[in-house]
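Worksheet: one structure, shown below.
The values are calculated or read from the model by the stated rules, or taken from the named source; none is laboratory data. As the structure is a computational prediction, the values presented were derived from the model and not from experiment. Reconstructed Cβ throughout: ideal geometry from the backbone, glycine too, with neighbour counts over all protein chains shown. Side chains are part of the model used for accessible areas, which takes the heavy atoms of the whole protein and leaves out ligands, DNA and RNA. Shrake-Rupley method; radii C 1.70, N 1.55, O 1.52, S 1.80 Å.
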Amino acid sequence: MTKEYKGVVYAESEKEAEVLLLAFCDRIDFAREWISDATWRNTLEIACKKDTGIDTAEKAILGDQQERQNATQKAARTAKISGDKDEILGQIDGVDTYDEHAVSIFKQVCAQYVGGGGLNMTFGQKLTQARYDDLCGHWRRVGALAAGTDDRLFRGFDYLPVENKEQKGKGSTGDTLERRTKQGNFFVTVVNIRFNVHINIS
């Protein structure tokens, strides 16, 4: 029978904790089998401690469930785009006629889609204006290849001319201390998600 200590309800034994937490798993439709034995033992210990108790243990299980769902969603997103992605990469990755930066940006966007990350990202390398202008043409060429894939899951390959963000009062980056000066932007829609890649210009 559970006990209470300073408002925290806890199990008297791991056996009792297991009964209660298995019932909780049933209520949230999450099979215990998805939780590793080591994690499950730790969760039972949490349920038996006076300062954590059943409520904290249940929150831990909800975290396990969310982690599993995230992994499942990542696998589904990977499977969804893999055909088109592999077809495009097969034609541009390591091919001399395609700028390596266009390949890197395409890979970065794919990783962001699979990971469910933010829609705005920054390309790691700073480019010259001339290199950026040349890269824009390569980005359009990647878009032309994408238009010929079976599912056409990659669309809207576009870009903006380089803009001096600081001169236009757009130098701040959120609440951070980072400052933007000259920057270009590449765009692409993956399935139904529109991504914006910021490219800093030297």
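Tell me the residue from Ala38, Ala60, Ala76 that is closer than 30 Å to Asp150 by Cβ and part of a helix (DSSP H, G or I), please.
On the way: Ala38 fails: closer than 30 Å to Asp150 by Cβ; Ala60 fails: closer than 30 Å to Asp150 by Cβ.
The conditions single out Ala76.
From the list Lys6, Lys80, Lys49, Lys15, which one is among the basic types (Lys, Arg), open to solvent by 60 Å² or more (accessible area, probe 1.4 Å) and free of Cβ contacts under 8 Å to residues at least 24 places away in the same chain? Full working, then the answer.
Numbers: Lys6 fails: free of Cβ contacts under 8 Å to residues at least 24 places away in the same chain; Lys80 fails: free of Cβ contacts under 8 Å to residues at least 24 places away in the same chain; Lys49 fails: free of Cβ contacts under 8 Å to residues at least 24 places away in the same chain.
Only one candidate passes the filter, namely Lys15.
Given the criteria among the charged types (D, E, K, R) and at pLDDT below 95, does Lys107 qualify? Don't jump to the end; show me each part of the working.
Values: among the charged types (D, E, K, R): yes; at pLDDT below 95: no.
Judged against the criteria, Lys107 is not a match.
Of all residues being more than 16 Å from Asp84 (Cα to Cα) and not in a loop (DSSP other than H, G, I, E, B) in the range 113-125, which is least open to solvent (accessible area, probe 1.4 Å)? Just the residue, please.
Kept after step one, since they are more than 16 Å from Asp84 (Cα to Cα), are these residues of the range 113-125: 115-125.
Of the ones still in play, those that are also not in a loop (DSSP other than H, G, I, E, B) are 115, 120-122.
Working: Gly115: 40, Asn120: 97, Met121: 15, Thr122: 66 Å².
The extreme case among them is Met121.
So which pairs qualify, if the first residue must be in the range 170-193 and closer than 30 Å to Asp150 by Cα, the second must be assigned to a loop (DSSP other than H, G, I, E, B) and at pLDDT below 90, the Cβ gap must be under 8 Å, and the two must be at least 6 apart or on different chains?
Every condition considered, no pair remains.
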